[in-house]
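Inspection log for the structure reproduced underneath, given as structure tokens.
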Amino acid sequence: MTEPVSSQVHPHVAQKKTFLDRVLRGPERIPVFSTFLLILVPQVLFYACVAPFLVHRLSVGVVVVALYVSILCFCNFFMAAGLDPGVILPQQSLDNIENAEQKKEVPPPKEVLVVGGIPFVSKYCTTCNIYRPPRASHCGLCKHCVSTFDHHCPAIGNCIAQRNYRFFVIFVFSTVFMAIYILAFSLANVLLIYFDLGGGGSSFNDAISKAPVACILVIYSFLAIWSPLGLCCFHLSLIHTGQTTKESLSNTFGTRTPYSQSCAKNFFNVFYSPFFPSFEKLREKRAENK
């Protein structure tokens with residue numbers, strides 16, 4: 001039986017995007033700004049209160065490495081949050097079909113394809129009026145189908161999929177590295193002051209009083225690191241097996257994934273494969289040329 005087809009024009013086509021919509025693609029606003037502040041504030045405190053002492057006692061290289069990782073972290077955060085994840089443009093609404101018999105000729109909701117020797121069910125999206133290609137899925141929050149859909153991440157307010165997955169992974173990796181870095185060198189700040197004061201119980205209390213921000217950063221980094229660290233390990237496992245989050249959680253292919261190659265090729269495909277073009281950009285260029 002054919003599923004009913006939505007008669008409404010797809011909101012992704014009908015609505016005109018503002019600048020904020022282009023920077024923050026999903027419906028979330030507060031979670032994205034919260035994520036940004038949770039990463040920004042500890043780094044600002046580190047550079048303002050801990051870094052000067054480390055430059056004087058250790059080396060300026062401590063700050064240089066931190067700045068590089070900070071730039072890497074924020075650049076990939078904005079790329080993952082603002083980039084088109086791989087939106088598949090919906091077809092025009094079927095309201096313009098006046099003949100009822102023509103409406104009945106809408107393709108059936110499913111068709112069987114073969115991917116890597118494994119049968120694949122291609123579902124017909126009644127919202128976007130398209131057959132979804134392999135690995136694509138419809139995001140109920142962003143209200144469009146996305147190519148090679150991984151998951152929708154409310155922390156960055158965007159779908160994570162074919163075009164921005166590499167930036168999301170680098171963002172997570174750099175966030176974990178930065179948390180470990182701030183934890184280690186903030187602790188080094190406290191310990192250096194502790195040994196300068198001669199050691200002992202009273203010296204430790206004096207060291208904490210002399211470097212309260214460093215102590216706060218040690219506690220904050222230790223508490224905050226576990227969630228992104230677990231996410232980092234999970235996505236390393238996904239890349240190794242050639243799966244997406246959706247495929248892994250739903251056990252789509254079981255132990256045999258037709259998209260997985262060798263471990264090295266899987267990592268190469270994620271980080272160095274050619275950049276997939278944006279259908280949104282192609283549509284905008286065609287509209288400008290008309």
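For this structure, a couple of remarks:
- For the stretch 245-275, the set of residues classified as touching a residue at least 40 places away in the same chain (Cβ under 8 Å), surrounded by fewer than 17 Cβ atoms within 10 Å (Cβ to Cβ) and not in a helix (DSSP H, G or I) consists of R256, P258, F275, listed by residue number.
- Count - residues of the stretch 52-82 that are open to solvent by 50 Å² or more (accessible area, probe 1.4 Å), assigned to a helix (DSSP H, G or I) and either of a type in the set (A, V, I, L, M) or at positive phi (or both): 7
- Residues that are open to solvent by less than 70 Å² (accessible area, probe 1.4 Å) and part of a helix (DSSP H, G or I) within the stretch 220-233 comprise S221, A224, P228, L229, G230, L231, C232, listed in sequence order.
- Scan of the stretch 145-180 for residues that are touching an Asp or Glu at 6+ places or on another chain (Cβ under 6 Å) and open to solvent by 40 Å² or more (accessible area, probe 1.4 Å), ordered by number: P154
- Extreme residue, farthest from Y272 (Cα to Cα), among residues of the stretch 131-187 that are of a type in the set (S, T, Y) and out of contact with any Cys (no Cβ under 8 Å at 6 or more places or on another chain): Y181
- The listed residue being in contact (Cβ under 8 Å) with a residue 12 or more places away in the chain, buried (at least 23 other Cβ atoms within 10 Å of the Cβ), under 19 Å from F46 (Cα atoms) and within 35 Å of the chain's Cα centre (by Cα), out of L183, L187, L217: L217
The values are calculated or read from the model by the stated rules, or taken from the named source; none is laboratory data. Here the structure is a predicted model, which means the values were calculated and not measured. We place every Cβ from the backbone using ideal geometry, glycine too, and count neighbours over all the protein chains shown. For accessibility, only protein heavy atoms count, side chains too; no ligands or nucleic acids. Shrake-Rupley method; radii C 1.70, N 1.55, O 1.52, S 1.80 Å.
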